[in-house]
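What follows is one structure encoded as structure tokens, with my remarks underneath.
The values are calculated or read from the model by the stated rules, or taken from the named source; none is laboratory data. The shown structure was predicted, so the numbers you read here are calculated from the model rather than taken from an experiment. Here the Cβ is made from the backbone with ideal geometry for all residues, glycine too, and neighbour counts use every protein chain on show. We work out accessible area using only protein heavy atoms, side chains counted, and drop any ligands, DNA or RNA first. Shrake-Rupley method; radii C 1.70, N 1.55, O 1.52, S 1.80 Å.
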There are 2 protein chains.
Amino acid sequence: MSNTLQNSKAIGVFDSGIGGLTVVRALLEQLPNENIVYFGDTARVPYGSKSAQVVREYTLDDTEFLLSRDVKMIVVACNTVSAVALDVVQKRANLPVTGVIIPGAEAALRASGNKRIGVIGTAGTVNSNAYRNELQRLDGTTNVFSKACPLFVPLVEEGWLDLKATELIAQEYLFPLTTERIDTLILGCTHYPLLKRTIAKVTKGMVTLIDSGEATAGTVAAMLDAQGLRNSSSQSPNIQFFVSDAPEKFTAVGELFLGRKLGVVRKVTVGRH
Amino acid sequence: MSNTLQNSKAIGVFDSGIGGLTVVRALLEQLPNENIVYFGDTARVPYGSKSAQVVREYTLDDTEFLLSRDVKMIVVACNTVSAVALDVVQKRANLPVTGVIIPGAEAALRASGNKRIGVIGTAGTVNSNAYRNELQRLDGTTNVFSKACPLFVPLVEEGWLDLKATELIAQEYLFPLTTERIDTLILGCTHYPLLKRTIAKVTKGMVTLIDSGEATAGTVAAMLDAQGLRNSSSQSPNIQFFVSDAPEKFTAVGELFLGRKLGVVRKVTVGRH
């Protein structure tokens, strides 16, 4: 039984910073009627190099903020949070919750023929073994090869998507994976879809690239349908952006991630009393 | 009139993370008798990409921590804090305080013949114009050419000091400065001294590189002398390290910055009540 008032509430999305906008982009494409509230914790970005304990503290703050905006479900767009703190969100929020790890792992297994799957992400995501564990839980015969790529985020934020140096760094990171004959590679960080072209070049087009954000948008649609929570309003949706540091940089770089104009970005304070 | 009890107190040093250890290294070389308390805010690193307002909040937390350790002076090892929040430290701490900007600017002017000086650092440091303002305050005829180099910190933390990609990135960043015929370049970030060799190669040995940390250690010595605060004890000094996130990574990478073993690194909580 659907409820118009409940269904018109926004989907809450949070990330450590700007990268989660690639997940919002996928949501806008696959669920064009939904209202969205996005929070990027730009005052404390990045999470990927920090310990699980600190990431769990920050995650609770982020969740509290989205709850204060009365959302109907929560999408953890951040791979690091999805890897080490998804239970923090689930425990605090009495709402449907999804991260990006399980959708990404499922999509990779559907795409892979030889079940030799690569995973790249931040140090936090890779060290957590979250993708490896999920892939092997879903199919115990899967061989998983992981590599942390800490230079990729600053390269993307610099806008150096196609530079020779970017290609050399991608080779440095990906060579150990290609020698393992992977046929599928999970882009386990929301920034990495912007490097798809360079990664495809370095892997010579032999590897299927999995964008966890796109996979997650599919999972969100399925969860909304299962719970009768889809927004049936034909009004143009309301997309709101909040960040914890000055909005200017977020606004400037954000278009690259979102693929369209952002509109107003508001600063809020989280985690300090 | 010197006071043994007062003088045996430690010099407090803080940074957004690990980079300030290059300043500690310079202090250990130039002031081998001094006790030191170091705090690295690794839970909230980096500061360089964040707004002045957020950096000022974090700086107050860092200062409170050092004051709780009863230090005799405070060295702001972080270029970003020195650029945008030195007054926060000075206002809160009733102690001698130095940042790294003024010592670096002074050393650059001593080294430069043509008074065409380059400055590289994080986005926060460069956008603050702190080095430019200080150089031009000291000598109004100076021409200053600045460039933010956000890839340098992750390259150093990856340990990729001499890679071809590192050289290409250094060329990308430094080309606009070398075409301006600078004869002196301020390494305005504590990580950058580890890239000295690559930077010297790219600038073809034609540019004097100024390590602000080394310059700052000289300033600290002069300030201690001026106030009669030098430690005269011949006991082996006590060097203590504190961080706000898990110590393991700090300990592992820290040796590269400090040039020696670190010993025990303790985790403390700052800025949350």
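Quick notes on this one:
- Pairs meeting the criteria (first residue in segment A:242-253 and farther than 15 Å from B:V55 by Cβ and more than 8 Å from every other protein chain (Cβ to nearest Cβ), second residue surrounded by fewer than 19 Cβ atoms within 10 Å (Cβ to Cβ) and of a type in the set (S, T, N, Q), beta carbons under 8 Å, at least 6 apart or on different chains) are lacking.
- Selection from segment B:153-169 of residues that are part of a helix (DSSP H, G or I) and either within 19 Å of A:L161 (Cβ to Cβ) or open to solvent by 10 Å² or more (accessible area, probe 1.4 Å) (or both): B:V153, B:P154, B:L155, B:E157, B:E158, B:K164, B:A165, B:T166, B:E167, B:L168, B:I169
- Residue in segment B:206-224 that is touching a helix residue (DSSP H, G or I) at 6+ places or on another chain (Cβ under 8 Å), within 14 Å of chain A (Cβ to nearest Cβ), closer than 24 Å to B:K164 by Cβ and at pLDDT 95 or above present: no
- With respect to the stated conditions, B:R110 fails to be within 14 Å of chain A (Cβ to nearest Cβ), open to solvent by 10 Å² or more (accessible area, probe 1.4 Å), assigned to a helix (DSSP H, G or I) and not polar (S, T, N, Q).
So that you can scan it fast, the table gives a plain yes or no per residue for (1) assigned by TED's automatic domain parsing to the domain that holds B:S82; (2) more than 22 Å from the chain's Cα centre (by Cα); (3) closer than 18 Å to B:G19 by Cα; (4) buried (at least 17 other Cβ atoms within 10 Å of the Cβ):
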| site | (1), (2), (3), (4) |
| --- | --- |
| B:Q171 | no, yes, no, no |
| B:P176 | no, yes, no, no |
| B:R181 | no, yes, no, no |
| B:L185 | no, no, no, yes |
| B:C189 | no, no, yes, yes |
| B:P193 | no, no, yes, yes |
| B:K196 | no, no, yes, no |
| B:K201 | no, yes, no, no |
| B:V207 | no, no, no, yes |
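- Within the option set A:L5, A:L21, A:L86, A:L27, being without any contact (Cβ under 8 Å) to a residue 24 or more places away in the chain and closer than 28 Å to A:L195 by Cα holds for one residue only, A:L86.
- Qualifying residue in segment A:134-146 (condition: in contact (Cβ under 8 Å) with a residue 12 or more places away in the chain, under 18 Å from the mean Cα position of the chain (by Cα), buried (at least 19 other Cβ atoms within 10 Å of the Cβ) and within 14 Å of chain B (Cβ to nearest Cβ)): no
- Among the residues of segment A:94-107, just one is within 15 Å of A:C78 (Cβ to Cβ) and open to solvent by 60 Å² or more (accessible area, probe 1.4 Å), namely A:I102.
- Failed criterion for A:F242 (all others in (1) within 15 Å of A:A10 (Cβ to Cβ); (2) more than 20 Å from the chain's Cα centre (by Cα); (3) open to solvent by less than 30 Å² (accessible area, probe 1.4 Å) hold): (2)
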